[in-house]
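Shown next, in structure tokens, is the structure this report addresses.
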Amino acid sequence: SVVRNGGFAAAERELGVSRPAISRHMAELEARLGFRLCERGRGGFSLTERGRLTHDAAVAMLTSLDGFHADLGRIRQKIVGDLKIGMVDNVISDPKCRIKPALAHLRQTSDQVHITLQVAAPNEIERLLEEGRLDLGILPRHRTLASLDYEPLYSERLLLYCGRDHPLFGEPARGISRKRIMSCAYAGRGYTFQPGEEGAVTMDLAGRKAATAYQIEGTAILIQSGHFIGHLPTHYAQAWVERGEMRALANGDFAYEIQMTAVTRRKRHRSLALETFLDKLLDAAP
């Protein structure tokens, strides 16, 4: 926790343990190991080289322990343990998303699994998967990392929207030229897409990127301010469109689709809980 948060103070908030207690535990650990793990003081927090190697070894050990629990579950043929899922925000309104029936199926199969759901940005989910702190990620495929496996779930269509207080909101669709749209302040994503349909569309607007959001809800807030245009999934924006609080702009020119994926860490043991959930999640996948 200290390494992840970059110091004792931030770790104190995460762990709910006082800074002196964390410092004492760290000193006891260093005494048992026989070497200094980190530097702390007025100069800030930093790992020693031995500390970095020890942390890497500890992460590998905990990942191996998770694999042991998964193997033990298989031997017993019982679905038990923990299932840690990371997902991007606001997928619940998409009827193609199978998370709800997959969770229901897992609970009907076994009530001995503790489920943890964490909502985060795609790059954060990928980092947690690589560190072994998540078992599964549900996110748009914006890039491909060699350490992760990606399985397609469904596609999600995004349109370019403006809010009710934006200058373009009340103008007839035919009167809004591509040039006018390109002159507007754009609320872009905080992560980049690989070259493709979505990358080409967002690159067109990158020069007018005046705000950044790492999650869909943040983009919606920026759009509703009346000062930005931005891309939203159609299922998510629909409620605001029906209430007259948003409208789509230039459906054809600036629309694109993204592939939602189920992501797991490559070469990591899969528990029965993960396999049971993932099988149901992929039921309706193309």
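List, please: which pairs have Cβ atoms under 7 Å, are six or more places apart or on different chains, and start with a residue in region 242-256 that is of a type in the set (D, E) and end with one that is crowded, with 17+ Cβ neighbours inside 10 Å?
E245/G163; E245/Q224
Which one of these does R36 not meet: (1) assigned to a loop (DSSP other than H, G, I, E, B); (2) in contact with a His (Cβ under 6 Å, 6 or more places away or on another chain)?
Of the numbered conditions (1) assigned to a loop (DSSP other than H, G, I, E, B); (2) in contact with a His (Cβ under 6 Å, 6 or more places away or on another chain), the odd one out for R36 is (2).
Give the number of residues within region 43-58 that are open to solvent by 50 Å² or more (accessible area, probe 1.4 Å) and within 25 Å of the chain's Cα centre (by Cα).
We begin by selecting, within region 43-58, every residue open to solvent by 50 Å² or more (accessible area, probe 1.4 Å); these are 43, 45-47, 49-50, 52-53, 55-57.
Pick out the ones that are also within 25 Å of the chain's Cα centre (by Cα) and you get 55-56.
Within region 43-58, residues that are open to solvent by 50 Å² or more (accessible area, probe 1.4 Å) and within 25 Å of the chain's Cα centre (by Cα) number 2.
Within the set of pairs 6 or more residues apart or between chains, which connect a residue that is touching a residue at least 60 places away in the same chain (Cβ under 8 Å) and within 21 Å of G86 (Cα to Cα) inside region 212-231 to a residue that is in a helix (DSSP H, G or I) and open to solvent by less than 40 Å² (accessible area, probe 1.4 Å) with Cβ atoms less than 7 Å apart?
Pairs that qualify, where the first residue is touching a residue at least 60 places away in the same chain (Cβ under 8 Å) and within 21 Å of G86 (Cα to Cα) and the partner is in a helix (DSSP H, G or I) and open to solvent by less than 40 Å² (accessible area, probe 1.4 Å), are I216/Y236.
Any idea how many residues of region 142-193 are among the hydrophobic types (A, V, I, L, M, F, W, C), surrounded by 12 or more Cβ atoms within 10 Å (Cβ to Cβ) and under 30 Å from F277 (Cβ atoms)?
Final tally of qualifying residues: 5.
Just checking, how many residues over region 213-249 are among the β-branched types (V, I, T), out of contact with any Leu (no Cβ under 9 Å at 6 or more places or on another chain) and within 15 Å of G188 (Cβ to Cβ)? Walk me through it before giving the result.
Of region 213-249, the ones among the β-branched types (V, I, T) are 216, 219, 221, 223, 229, 234, 241.
Then drop every residue that is not out of contact with any Leu (no Cβ under 9 Å at 6 or more places or on another chain), which leaves 221, 241.
Okay, now just the ones that are also within 15 Å of G188 (Cβ to Cβ), so 221.
Total satisfying the criteria: 1.
Of everything in region 252-267 that's touching an Asp or Glu at 6+ places or on another chain (Cβ under 8 Å) and not in a strand (DSSP E or B), which residue is farthest from I216 (Cα to Cα)?
In this case the residue turns out to be R266.
If we scan region 120-130, do we find a residue that is open to solvent by less than 40 Å² (accessible area, probe 1.4 Å) and on the phi > 0 side of the Ramachandran plot?
No: region 120-130 contains no residue that is open to solvent by less than 40 Å² (accessible area, probe 1.4 Å) and on the phi > 0 side of the Ramachandran plot.
Between G226, G230, which is surrounded by 16 or more Cβ atoms within 10 Å (Cβ to Cβ) and small (G, A, S)?
The conditions single out G230.
Looking at (1) more than 24 Å from Q238 (Cβ to Cβ); (2) open to solvent by 50 Å² or more (accessible area, probe 1.4 Å), can you tell me which one I92 breaks?
The failed condition is (1).
Hey, does region 199-215 have a residue that's part of a helix (DSSP H, G or I), surrounded by 14 or more Cβ atoms within 10 Å (Cβ to Cβ), modelled with pLDDT of 95 or more and in contact with a Phe, Trp or Tyr (Cβ under 8 Å, 6 or more places away or on another chain)?
no
From the residues in region 42-74 that are closer than 14 Å to V2 by Cα and part of a loop (DSSP other than H, G, I, E, B), which one is modelled with the highest pLDDT?
Here the residue is T48.
The values are calculated or read from the model by the stated rules, or taken from the named source; none is laboratory data. No experiment lies behind these values; they were computed from the predicted model shown. Virtual Cβ from ideal backbone geometry, glycine too; neighbours counted across all protein chains shown. Accessible surface is based on the protein model in full, side chains and every heavy atom, while ligands, DNA and RNA are left aside. Shrake-Rupley method; radii C 1.70, N 1.55, O 1.52, S 1.80 Å.
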